[in-house]
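These notes are about the structure you will find just below.
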Amino acid sequence: MNTTDMETSNRGAGSGYEKCTGCAVCTLTCPVWHQTRDIILTAGGRSRVLQSGGTPEEMRESITACVLCGACAAVCPAGVDTVALTTELRAALAARAPRGSFSGGGKPSAKLFFPGAALRGNGELLRRAASLLETDGFTLFDDAGLSELAGEMETGGRPEPEELKNFIHSMSGVTEIAAADGFLHRYLRQWLPAVRVSGLGEALLRKREIKNALKAGDLYIIETRGYHAAHTRLVTFYDRMRLETGCGLNTSLQRAAIPTGAASRQTVGRLDTAEQARWILHKRRPARIVAESVEDLEVFKRTPESPEVIHIAELARIPQSELAGTRDER
Amino acid sequence: MTTANISSTDILDHVAPDSLKGIPRRQTNPARWNGGSWGAFTDALRSQNIEICEKKQTCRVYAVDSGGLASGLPHGVALARSAEQISAILKQAQLHRVPVTVKGGGLTTEGESVAFGGLQLDMRAMNRVLSVDAKNMTVRAQAGIYWHTLGEVLRRDGLDYLSAPLNMTSSVGGTLSVGGIDINSPRLGCSADQAVSLQVVTPTGEIKECSESENPELFERVLLGYGQFGVITEASMRIRKFTPLTMHYFYYGSLREAMEDLQLLVRGDAADYCGILTVLDKAVNLLVAFDSDERERAFFSGWRGRLRGHGQLGFALRMTWHYALRPWRIGEALYLLGRKRALEPAFKPEHHLEKNKIVDRTVVFSNSVWKFWGGKRMVIPDLATSAEKFVEAIERGNAVCRKYFPRYTLYCVGIKLSGRRERYELSCIPPDAEGFAYGCEFEPILGGEDYSREYLQAFKNEIYDIGVEMKTSYYRFGGMMKGYIRRVFGDELVEKHLAMKRAADPAMILNPDVIF
Ligand SMILES: Cc1cc2nc3c(=O)[nH]c(=O)nc-3n(C[C@H](O)[C@H](O)[C@H](O)COP(=O)(O)OP(=O)(O)OC[C@H]3O[C@@H](n4cnc5c(N)ncnc54)[C@H](O)[C@@H]3O)c2cc1C
Ligand code: SF4
Ligand code: SF4
């Protein structure tokens, strides 16, 4: 083994992959497994390859196949941090220089709303979400730099330490962040441990008008990355919401959320998002689909089996005059 | 020397009747197949567009089963795709005398699904539900499907399978091959008895449908057949309506009383689900559960008064008194308390409760099993007995556990037999069982302790020896403990089955090291 191999095979160490028992419980929730049935392409497969001395290069296909939905991490009985495992292995493969500036801008506020790239790309939905959150004291934050960083981190990049310090400093005084990009949740919690981090869905569902607008025939599509990043807490939150509203959820019997995989920024992926949507809809006849994430919204809109598909921000009626201005264009 | 030069008997029948006598019994892996004809075998398959993965890192992922102690390395791995593909593989395997080891969930613990060279056939890639017949209450599925995946699909129709291991990642085919015990087995029997018909690829590559009326001999051989007589590729099974269930626990300080009460409930069909789960032999938990309020009411009016178990409060008071008189055993008391605190919420998570009923019990149990009992090495010897031998065998097994480990769990269930079936011969169902059989798993909690393989093996041997002395059977049946099969069942029966195996599998290539 040469030095590079030695270095790279040490990657993944922070994830606790050595604890993996090979129980394969992670396969049950894994969309890649669902579509390929190849154990090597799953979190358990990667852990076992590493345990037996495999290198990231030997696992390239597996490492790139993952859509980082985090479902496996939520259910792994051995507590392997499978998301960290994949991102660390991607970093080992990419061996990229750390990313520079990513701090954003906006009005200083204790409560910030990070819309993420997909929502920023949809002006109408962005204005709706921002208006709804504004009434709860959230200020829309320009998180374009952070979105770029998230994209890089997902594919093997990492933040430049000095820039990370600046970002953390810029967030002093912030007590709560609602972030639509679930991938960022785990990192925001690590970087800003005193800040309450929630997803867009969770933040909006706290509003009575949103929850009341959900109906028994609805199928509610949880944004998977954020959900799995705080699974222990959110599993109860969404289960109560389901019991209160009577709506269905895109959850499996293990109470993991079934992903479409559409949020993945890994371009070499092999996941068919339409097949995932079909599996979520299998034998279900919802009257309406309500999606938390714009990426999922688009997948379901493209799926012929779908009924009416709306974004969670469309659940509340907001008069045109009260829609948040044009903050996204500033 | 290539395998072609020596007879199949020499290669594969290496456990002679008395091979264990007079030698220290150690855990042994079978010799690895030497790979002589591997190249010709894979060339032939590739010419038929059958993919075989020979990458070292892939083969290594298949090196162990859930036991983690038997270690083998296949020469290559094939993901099962269709009965036709498996047929082609087995035909070439016969021709080139290449061992093929079938793996479903790989939840065996004695290496039964580990390939010691040759081809590992991973059935999990065949995991589709093919059809659900809600009118006749049957499902047809590919046999590599996990029970959990089957349950997930059936739930979309408000349906459920009958009984399956409390383990989400065991496969239908693997389970039908070994038995399959659930806490509803006292009512519904073992999982293998749910099968209505099967599609099987025989060791010589024929694709056959079998059931009680079509090719019944094959049906009886393949069910509980440990993969000796064919690869199950599809299974039709009986199903039922999905119901959430109510669960109650009764606590015993005496293992014997709990076992006797379990037998009382099993005989009387008093509960829809029942079983024993212990913390050491100090906190013995008899769990009962019900699919309907009527059954629950009937239990409380007709049976509860006859059980000697306590409710939680009564048991806590007894335990407090017990340990107050034995202060030197405070360590044990604290362990019991800690275990109770950890296990209780795990077995009743809020998000799996609806109107106080448990929804998706297999998920709840399986998660807890892996979390609290799982590990990289799992040593779970067991005994399967007739009703008459149950209490004595398990008390003896319990004494062995106490001798070897400070922390352990026993898991006991009853199994309803469906009459006298050929499939029960030379299987986990004991030959003298009538009406019901009983099983107990003895599971030490290894924790971080670094027990030597010899120590673990000595423990297993002592449990298995009870089976030999009392003429019981074992639930885990084969692999590294196959030497016990002859000792328990005798040469005559084993020879009879070996002759059947030779006739069905002339080159002895299918799961060669599991039973014979
Ligand atoms: C933590 C844990 C908990 C368990 N709990 C239970 C329990 O509650 N109840 C219970 O009954 N068991 C239990 N077991 C044992 C295990 O679940 C059973 O042995 C299991 O049903 C086997 O299924 P599998 O798919 O894992 O089979 P494998 O381990 O893959 O295979 C079992 C045997 O069948 C053969 N085989 C596999 N697939 C096929 C096929 N399609 N056709 C022909 N032969 C095949 C294999 O070669 C092997 O010999 C447990 C095991 C563990 C590790
Ligand atoms: S669930 Fe966890 S322990 Fe089990 S195979 Fe997957 S990564 Fe390994
Ligand atoms: S993160 Fe999602 S896609 Fe990746 S291995 Fe886990 S379950 Fe599969």
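The table below gives the values:
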| read-out | value |
| --- | --- |
| Options B:A270, B:A289; residue that is of a type in the set (A, V, I, L, M, F, W, C), within 29 Å of B:V153 (Cβ to Cβ) and crowded, with 20+ Cβ neighbours inside 10 Å | B:A289 |
| Positions within the range B:272-299 being of a type in the set (V, I, T) and modelled with pLDDT under 95, in sequence order | B:V279 |
| Exclusive hit being touching an Asp or Glu at 6+ places or on another chain (Cβ under 6 Å) and open to solvent by 40 Å² or more (accessible area, probe 1.4 Å), set B:E469, B:E422, B:E462 | B:E422 |
| Test result for A:C66, closer than 30 Å to A:A43 by Cβ, within 14 Å of chain B (Cβ to nearest Cβ) and buried (at least 20 other Cβ atoms within 10 Å of the Cβ) | no |
| Residue satisfying condition, being at pLDDT below 95 and either under 24 Å from the mean Cα position of the chain (by Cα) or surrounded by 17 or more Cβ atoms within 10 Å (Cβ to Cβ) (or both), within set B:V364, B:V413, B:V391, B:V400 | B:V364 |
| Residue in the range A:109-117 that is in contact with a strand residue (DSSP E or B) (Cβ under 8 Å, 6 or more places away or on another chain), open to solvent by 50 Å² or more (accessible area, probe 1.4 Å) and closer than 30 Å to A:P319 by Cβ present | yes |
| Residue among B:Q228, B:Q194, B:Q199 that is under 24 Å from the mean Cα position of the chain (by Cα), more than 22 Å from B:C428 (Cα to Cα) and not assigned by TED's automatic domain parsing to the domain that holds B:G314 | B:Q199 |
| Residue check, A:I312 open to solvent by less than 40 Å² (accessible area, probe 1.4 Å), at pLDDT 95 or above and either in contact with a Lys or Arg (Cβ under 6 Å, 6 or more places away or on another chain) or within 14 Å of another protein chain (Cβ to nearest Cβ) (or both) | no |
| Residue check, A:L93 closer than 25 Å to A:E163 by Cβ, within 14 Å of another protein chain (Cβ to nearest Cβ) and either open to solvent by less than 10 Å² (accessible area, probe 1.4 Å) or away from ligand 3 (no atom under 11 Å from the Cβ) (or both) | no |
| Residue within the range B:482-497 that is farther than 20 Å from B:N398 by Cβ, open to solvent by less than 40 Å² (accessible area, probe 1.4 Å) and not in a helix (DSSP H, G or I) present | yes |
| Candidate set from the range A:30-41 (those that are part of a loop (DSSP other than H, G, I, E, B) and either under 18 Å from the mean Cα position of the chain (by Cα) or away from ligand 1 (no atom under 16 Å from the Cβ) (or both)); member that is surrounded by the most Cβ atoms within 10 Å (Cβ to Cβ) | A:C30 |
| So A:D81, is it within 16 Å of ligand 3 (Cβ to nearest atom), outside the structural domain of A:L297 (by TED's automatic domain parsing), within 19 Å of the chain's Cα centre (by Cα) and within 21 Å of A:W191 (Cα to Cα) | yes |
| Odd one out for A:S109, checked against (1) more than 20 Å from A:A203 (Cβ to Cβ); (2) more than 16 Å from ligand 2 (Cβ to nearest atom) | (1) |
| In the range B:92-110, the residues that are part of a loop (DSSP other than H, G, I, E, B) and either of a type in the set (S, T, Y) or within 14 Å of chain A (Cβ to nearest Cβ) (or both) | B:G104, B:G105, B:G106, B:L107, B:T108, B:T109 |
| Check on B:F242, of a type in the set (A, V, I, L, M, F, W, C) and surrounded by fewer than 21 Cβ atoms within 10 Å (Cβ to Cβ) | yes |
| Selected residue (only one of A:Y220, A:Y227 is among the aromatic types (F, W, Y), out of contact with any helix residue (DSSP H, G or I) (no Cβ under 7 Å at 6 or more places or on another chain) and buried (at least 23 other Cβ atoms within 10 Å of the Cβ)) | A:Y220 |
| Residue in the range B:77-84 that is away from every other protein chain (no Cβ under 11 Å), in contact with a Phe, Trp or Tyr (Cβ under 7 Å, 6 or more places away or on another chain), assigned to a strand (DSSP E or B) and not small (G, A, S) present | no |
| Residues within the range A:274-288 that are outside any loop (DSSP other than H, G, I, E, B) and open to solvent by less than 60 Å² (accessible area, probe 1.4 Å), tallied | 8 |
| B:S131 in contact with a strand residue (DSSP E or B) (Cβ under 9 Å, 6 or more places away or on another chain) and within 16 Å of ligand 2 (Cβ to nearest atom) | no |
| Single residue of A:T86, A:T27, A:T82 found to be more than 9 Å from ligand 2 (Cβ to nearest atom), open to solvent by less than 20 Å² (accessible area, probe 1.4 Å), of a type in the set (S, T, N, Q) and at pLDDT 95 or above | A:T86 |
| Residue match in the range B:69-76 (condition: more than 14 Å from chain A (Cβ to nearest Cβ), under 20 Å from B:A507 (Cβ atoms), in contact with a strand residue (DSSP E or B) (Cβ under 7 Å, 6 or more places away or on another chain) and open to solvent by less than 30 Å² (accessible area, probe 1.4 Å)) | no |
| The lone exception for A:G248 - which of (1) within 11 Å of chain B (Cβ to nearest Cβ); (2) open to solvent by less than 10 Å² (accessible area, probe 1.4 Å); (3) without any contact (Cβ under 8 Å) to a residue 40 or more places away in the chain it fails | (2) |
| Qualifying residue in the range A:155-174 (condition: open to solvent by 30 Å² or more (accessible area, probe 1.4 Å) and at pLDDT 95 or above) | no |
| Residue that is nearest to ligand 3 (Cβ to nearest atom) [pool: residues in the range A:44-63 that are facing chain B (nearest Cβ under 9 Å) and in contact (Cβ under 8 Å) with a residue 40 or more places away in the chain] | A:G54 |
| Any pair with Cβ under 7 angstrom, 6 or more apart, that starts in the range A:196-215 at a residue that is more than 22 Å from A:G173 (Cβ to Cβ) and ends at one that is at pLDDT below 95 and open to solvent by less than 30 Å² (accessible area, probe 1.4 Å) | A:E209/A:A316; A:I210/A:A316; A:A213/A:A316 |
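Quick grid of which residues meet (1) surrounded by 17 or more Cβ atoms within 10 Å (Cβ to Cβ); (2) facing chain A (nearest Cβ under 10 Å); (3) away from ligand 3 (no atom under 16 Å from the Cβ); (4) at pLDDT 90 or above:
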{"residue": "B:S301", "(1), (2), (3), (4)": "no, no, yes, yes"}
{"residue": "B:R308", "(1), (2), (3), (4)": "no, no, yes, yes"}
{"residue": "B:A316", "(1), (2), (3), (4)": "no, no, yes, no"}
{"residue": "B:A333", "(1), (2), (3), (4)": "yes, no, yes, no"}
{"residue": "B:E344", "(1), (2), (3), (4)": "no, no, yes, no"}
{"residue": "B:V359", "(1), (2), (3), (4)": "yes, yes, yes, yes"}
{"residue": "B:S368", "(1), (2), (3), (4)": "yes, yes, yes, yes"}
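The values are calculated or read from the model by the stated rules, or taken from the named source; none is laboratory data. It should be emphasised that the depicted structure is a prediction, and the values quoted were computed from it without experimental measurement. Here the Cβ is made from the backbone with ideal geometry for all residues, glycine too, and neighbour counts use every protein chain on show. Ligands, DNA and RNA are excluded from the accessible area calculation, which covers all protein heavy atoms including side chains. Shrake-Rupley method; radii C 1.70, N 1.55, O 1.52, S 1.80 Å.
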